[in-house]
1. Could you list, in sequence order, all residues of segment 274-298 that are at pLDDT 90 or above and hydroxyl-bearing (Ser, Thr, Tyr)?
2. Please determine, by comparing only the residues of segment 219-255 that are assigned to a helix (DSSP H, G or I) and of a type in the set (D, E, K, R), which one is modelled with the lowest pLDDT.
3. Please find, within segment 269-305, the residue that is surrounded by the most Cβ atoms within 10 Å (Cβ to Cβ) out of those that are assigned to a helix (DSSP H, G or I) and of a type in the set (Phe, Trp, Tyr).
4. Would you confirm, using the coordinates I've provided, whether residue 133 is touching a strand residue (DSSP E or B) at 6+ places or on another chain (Cβ under 6 Å) and either assigned to a helix (DSSP H, G or I) or at pLDDT below 75 (or both)?
5. Given the criteria touching an Asp or Glu at 6+ places or on another chain (Cβ under 9 Å) and either surrounded by 15 or more Cβ atoms within 10 Å (Cβ to Cβ) or under 28 Å from residue 137 (Cβ atoms) (or both), does residue 257 qualify?
6. What do you reckon, is residue 315 under 20 Å from residue 129 (Cβ atoms) and either modelled with pLDDT under 90 or under 21 Å from the mean Cα position of the chain (by Cα) (or both)?
7. Just the residues that are closer than 11 Å to residue 77 by Cβ and hydroxyl-bearing (Ser, Thr, Tyr), please, taken from segment 264-294.
8. Going through segment 83-95 one residue at a time, which ones are hydrophobic (A, V, I, L, M, F, W, C) and either touching a His at 6+ places or on another chain (Cβ under 9 Å) or surrounded by fewer than 24 Cβ atoms within 10 Å (Cβ to Cβ) (or both)?
Amino acid sequence: MIISLLWIVGGLALLVIGGEALVRGASSLARIAHISPLVIGLTVVAFGTSAPELATSVGAAFSGKGDMAIGNVIGSNIANVLLILGIASLIKPLKVQSQLVRLDVPLMVFVSVGLLIFAWNGTISRIEGCGLFAAIVIYTIWLLLRSRRESATVQQEFDEAIPTQPIGKYSVLIQCILVVAALAMLILGANMLVGGASDLARVLEISELVIGLTIVAVGTSLPELITSVMAAFRGESDIAVGNVVGSNLFNILSVLGAAAAVSPNGLQVPTSALRFDIPMMILVSIVCLPIFFTGYRISRWEGMFFLSSYIAFVAYQLI
């Protein structure tokens, strides 16, 4: 049991370090390309901080641990909204751009409902997985094209929020090396985490679905938590909120899509996930809409509601 805990702690440490390094490297490359803060939050930061979920879930699916892959994504999406936005908004109320309320959050709800439809027969097939993955590619291209059409005013605000640094001769090469090294740490950390969590689940006689929904989900969400909390401290609400919404989209479309695609027989979805966990994820996504609409901000009391709801969710899973 002690060895399992050491593997979990070591895996989480590598995931956090790798996720942070990936965000730094990818964000630097994005700044060179002059992409706005919201799009950085929805793409570079969101995808970078979701890399642990991708590595963990694909590794679990490839090893035949589909329950953990499903639980990781569902648990991470619930944690992203309730835990991360809850803590971040307690630090400082978060402003929400109307674009998120009009486009990206409804898309998050639509994708969550789509996942339930795909999984209703108990399996996410390899073809459905490829379809999910194709959707994230289309969404990312659309975001980048939309970013390129942004007005000069928005671009100026971005440059003021994140001052452009002189581009050194080897800056791009250094950032690319940082990204590759970060990915290596994420893969190694994911393997350690899956192995340790699986062993611990067997020792404690806890199902891998519950382990995925709690320990692994929170562990792989730490990069999102760190990023959004730091963004809240710095007053960068676009990155804090965009990170969560983008991560949730990435988790369903890319993480589960890739996991189902590499799994020989697709991903088997536990009945308990269909009856409670996926509907809970959908409900959490829907709750974002009225809260985000209230003055286009997440207040401290709404953050407290999110955080207390997450504590209740985890308690329900462990009881």
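1. 285
2. Kept after step one, since they are assigned to a helix (DSSP H, G or I), are these residues of segment 219-255: 219-233, 237-255.
Of the ones still in play, those that are also of a type in the set (D, E, K, R) are 224, 238.
Numbers: 224: 73, 238: 79.
The selected residue is 224.
3. Taking segment 269-305 first, the residues assigned to a helix (DSSP H, G or I) are 271-293, 300-305.
When the remaining residues are screened for being of a type in the set (Phe, Trp, Tyr), the result is 276, 292-293, 301, 305.
On the way: 276: 14, 292: 22, 293: 13, 301: 11, 305: 17.
Ranking the qualifying residues of segment 269-305, first place goes to 292.
4. Working: touching a strand residue (DSSP E or B) at 6+ places or on another chain (Cβ under 6 Å): no; either assigned to a helix (DSSP H, G or I) or at pLDDT below 75 (or both): yes.
The answer is no for residue 133.
5. On the way: touching an Asp or Glu at 6+ places or on another chain (Cβ under 9 Å): yes; either surrounded by 15 or more Cβ atoms within 10 Å (Cβ to Cβ) or under 28 Å from residue 137 (Cβ atoms) (or both): yes.
When the stated conditions are applied, residue 257 passes them.
6. Values: under 20 Å from residue 129 (Cβ atoms): no; either modelled with pLDDT under 90 or under 21 Å from the mean Cα position of the chain (by Cα) (or both): yes.
No, not satisfied.
7. Across segment 264-294, the qualifying residue is only 285.
8. Here is the first cut: in segment 83-95, the ones hydrophobic (A, V, I, L, M, F, W, C) are 83-85, 87-88, 90-91, 94.
87, 90, 91 - these are the residues of segment 83-95 that are hydrophobic (A, V, I, L, M, F, W, C) and either touching a His at 6+ places or on another chain (Cβ under 9 Å) or surrounded by fewer than 24 Cβ atoms within 10 Å (Cβ to Cβ) (or both).
The values are calculated or read from the model by the stated rules, or taken from the named source; none is laboratory data. It should be emphasised that the depicted structure is a prediction, and the values quoted were computed from it without experimental measurement. FYI the Cβ positions are ideal-geometry reconstructions off the backbone, even for glycines, and counts take in every protein chain you see.
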